[in-house]
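The structure appears below as structure tokens.
Derivation of every value follows stated rules applied to the coordinates shown; laboratory data play no part. Just so you know, these numbers come straight off a predicted model, no measurement behind them. Virtual Cβ from ideal backbone geometry, glycine too; neighbours counted across all protein chains shown.
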Amino acid sequence: MVRELGKPVYIKAILLLVFFSFVFLGAEYLFDNMMAYVTDSGSVVRAQGYILGVSVIGFLLYPAANRFIKKNNRMQMLFALTLMAVVCLFAVQQHISYSMILIPGMVLFLILGFCGSAVHYMAVCMIPGGKYLARMAGISYAFGILLQFLNNNLINVELVEAMILSIFLSAIVVLVFQTEKELEGKEEAKEGIPEENPKEESKLPVTAGIIFAVIVALMACVFATLDNAVTLVHAAGSVDIGQWPRLLLACSGLLAGFLFDIRERKLMNIMMYCVMLLSTICVTVIEFGGPFLAGLIAFYLSAGFFAVFFTVGFMELSYSMKMPDLWAGLGRAVNNACAVVTTHISAALLSTGNIIIIMIVALVLFAAISVVMYVYAWKLQPEIKEEVTNEAEKEREKFPEFAAAFSLTKREQEVLQCLLTSDDSIQNIAEQLMMSRAALYRHIGSLNDKTDTKSRIGLMQFYYAWDSDKYALNADRKNEGE
């Protein structure tokens, strides 16, 4: 596992998610602090809802841009948006007035949503099949929180905090650009492949995705209420939530990543259900006048699990979807959208101090989560995994059939396998196979001769388009003609 996560492709995917988590959470924390200078705690919570709502629009804009804007123009637009986001960061940091924090803050989070959608999609593209997906998400979230903690506590000047966030935001864009370039070869390999009689897309993954979104939305209502309770105390100056208890959020996210990946994430849903029970207890602790620190610790422990849960859930679903660039980053979008919807309601509910009503609402939400999660986890998800397993099995069966059809030697099969599964350069592939570049080129040339292709890309195109049944039928016709 350590060796697998240490591969360059995993490291780059983790860095993308780490940097995004840090910038998004760090910018939100900076925004809240700057708002606290110019308004009361209730207005801070409402303003936080506005920027989270705008970020949802950003998350939804990326899939549209990915389809309707050419790659070069899209990257130019992303660089321009990054420059605008940096300007907005420094405008927020100046905290001149309420409107001069809110307006640039909304623009900033619109752009962060766009970047976040790109980051999650790039991570999905880099990790085909989603192996160790939860561990990757947990490690990324934990290190993102850790960076935010260090930035908040070691850097006491808001201007420097804004500068650091700007640097990491720029790093995100550079990594996205590099990743798109690396994936370009694989896209070119699939480009132009004819799809005769394409299989009708199953409605099952979409149905499961909608139901999972409902689960996340209901859970987000609980966590948004808890988050608002914590933010109200923080904005009032009673407790600084950026101090050591926040490290529990990183620990819980890391723990969630490793626990969720047990048995290929088959136990992830039941684990999250148990965590939701802990979250409901948090409401009791805080609202019944228990120690705020105890409630805060319980909140952070459960919130880390939730963040990894919705991130992994939607990224995993994206592998089965026709529009993976939409679904990959939808977890953060759904969470933020629900936070916006419930901000005013939960703030008003908390301000009443009516413990009975608060408890009734929490229990109703928990019951609704129980019902919807049963439908998803025990009815739909197993069927989706069965479909994905069947497709993967067909792909595994294809390779030996292809090798037999074209009489590939064992070494040629190893070379072809590397070409199909690796985005590395020829030099790196040669090193992996422990052969010289010249020897690797000879094997590729032999593969081209046997498959009647002209290049590495042509070979990959031919493999993806090749169908054993059609090949056997054509061979029979050829024999009959002779």
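Provide the net charge surrounding Gln93, with neighbours chosen by a C-beta distance below 11 Å and charges set as Lys +1, Arg +1, Asp -1, Glu -1. Mind showing how you got there, number by number?
Numbers: positive: none; negative: Glu158, Glu161.
Net of charged neighbours comes to -2.
When you count, for each residue, the other Cβ atoms within 10 Å and take the mean per peptide, how do 215-221, 254-260 rank with the highest first?
Working: 215-221: 23.4, 254-260: 21.6.
Sorting 215-221, 254-260 by mean packing, highest first, produces 215-221, 254-260.
Figure the gain on full extension for Val160 and Leu267 (residue separation times 0.36 nm, minus the Cα-Cα span) and round it to one decimal in nm.
34.3 nm
Let me understand segment 31-156 better: what is its radius of gyration from the alpha carbons, and its Dmax, in angstrom?
16.6, 48
I'd like the Kirkwood hydrodynamic radius of segment 95-141, using the inverse of the mean 1/r over distinct C-alpha pairs, in Å. Mind dumping the intermediate values first?
Numbers: mean 1/r = 0.0776 Å⁻¹.
Evaluated on segment 95-141, it is 12.9 Å.
Using 0.36 nm times the number of residues separating Phe79 and Cys274, minus their current alpha carbon distance, what extension gain do you get?
Working: separation 195, 0.36 × 195 = 70.20 nm, distance 4.24 nm.
Length gained, Phe79 through Cys274: 66.0 nm.
Say a paramagnetic label sat at a point 7 Å from the Cα of Gln432, along Cα to Cβ; which residues of segment 396-420 have their backbone N under 11 Å from it?
Answer for this model: 415-420.
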